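Comments concern the structure below.
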Amino acid sequence: MFVTTLGTGSPMPDPNRAGPATLVQTAGQNLLFDAGRGVLMRCAGAMVAPAMINAMLLTHLHSDHTTDVNDVITTKWINSFVPTPTIIVGPLGTQRFIDRTLATLEDDISYRVHHHADLTWEPICEVTEVSDGLAYEAEGIKIFAFPTDHAPVHPTVGYRVESEGKVVAIAGDTVPCEGLDRLCKDADLYVQTVIRDDIVKNIPIPRLLDILDYHSSVSQAAQTAAKNNVKTLILTHPVPAPQPGTEGEWIAMAQEHFSGTILLADDLMRVET
Ligand SMILES: [Zn+2]
Ligand SMILES: [Zn+2]
């Protein structure tokens, strides 16, 4: 399996970090986890065209993780030559979110259907809502959803990809919890969105301080990795974005709790397991 951290940013626009999105490539499939700002630009960087995306799995409906869901739907649609559904998996509420997304696209859909004689169908989205259990199955790949804790955002899920004898855990935004432990038990790769609580708590901006209680800190991610016998921990969606030269601090902070391999993700970092 190959894991590419397509976008490693957060809600704050960053010239070097696109919005949260991770690509898992296994058994000939391209599986997209979340679709933040610029996701299709980063897919292009990973040599994955929109039509090649087999499924899009959402961890939660926070805007930074979903801003470009509409772009995936539209661009996959206009690049298809026969009616091809976009397979979408997400927590409860995803169907409503996709219905609303399609409603905002109605004008564009009608322009294109009227302009292109060979485009006779509208975008087709097949949505599966998941909470705990099997979420996706194809080509010997099994993906299981597990409930995570990003309260008050609810519900949220993480995904455990089991394929080719390996396990990749895509956690999304969450604090340590029982569902997260099950999600990443014995995983070869565990991808966790993180914040530096030691930095954020010293910034006197109430709206920033609010993020402390619903994300894993670097230390917590490392503790979760150690507790669950993970082989490699990937820190992604780092908040605040690491200043050049400070990357080692993030790694050292995680090493205090976890003795496996630790990687701090940049956009388009590709890891094989
Ligand atoms: Zn979130
Ligand atoms: Zn986030």
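Each value in this text was obtained by applying a stated rule to the coordinates, not by laboratory testing. Owing to the predicted nature of the structure, the values given are computational and were not obtained by experimental measurement. When we count neighbours, we look across all protein chains shown, and the Cβ atoms used for this are built from the backbone with ideal geometry, even at glycine.
Restricting attention to segment 129-143, the residues that are at negative phi and either among the acidic types (Asp, Glu) or touching a helix residue (DSSP H, G or I) at 6+ places or on another chain (Cβ under 8 Å) (or both) total 3. Would you check if Thr8 is surrounded by 24 or more Cβ atoms within 10 Å (Cβ to Cβ), within 14 Å of ligand 2 (Cβ to nearest atom) and not charged (D, E, K, R)? Against the criterion (surrounded by 24 or more Cβ atoms within 10 Å (Cβ to Cβ), within 14 Å of ligand 2 (Cβ to nearest atom) and not charged (D, E, K, R)), Thr8 qualifies. Can Pro244 be described as out of contact with any strand residue (DSSP E or B) (no Cβ under 9 Å at 6 or more places or on another chain) and either of a type in the set (A, V, I, L, M, F, W, C) or within 23 Å of Pro13 (Cα to Cα) (or both)? Yes: the conditions hold for Pro244. Out of all the residues in segment 138-148, which are surrounded by fewer than 18 Cβ atoms within 10 Å (Cβ to Cβ) and either aromatic (Phe, Trp, Tyr) or under 18 Å from the mean Cα position of the chain (by Cα) (or both)? Passing the criteria: only Lys142. Every condition in (1) assigned to a loop (DSSP other than H, G, I, E, B); (2) touching a residue at least 40 places away in the same chain (Cβ under 8 Å) holds for Asp64 except the one numbered (1). Within segment 161-175, track down each residue that is crowded, with 18+ Cβ neighbours inside 10 Å and part of a loop (DSSP other than H, G, I, E, B). Within segment 161-175, Ala171, Gly172, Asp173, Thr174 meet the criteria. Looking only at residues of segment 186-240 that are assigned to a loop (DSSP other than H, G, I, E, B) and polar (S, T, N, Q), we find that the one that is farthest from ligand 1 (Cβ to nearest atom) is Asn229.
Looking across Val153, Val194, one residue alone is within 16 Å of ligand 2 (Cβ to nearest atom), within 17 Å of His60 (Cβ to Cβ), surrounded by fewer than 24 Cβ atoms within 10 Å (Cβ to Cβ) and β-branched (Val, Ile, Thr). It is Val153.
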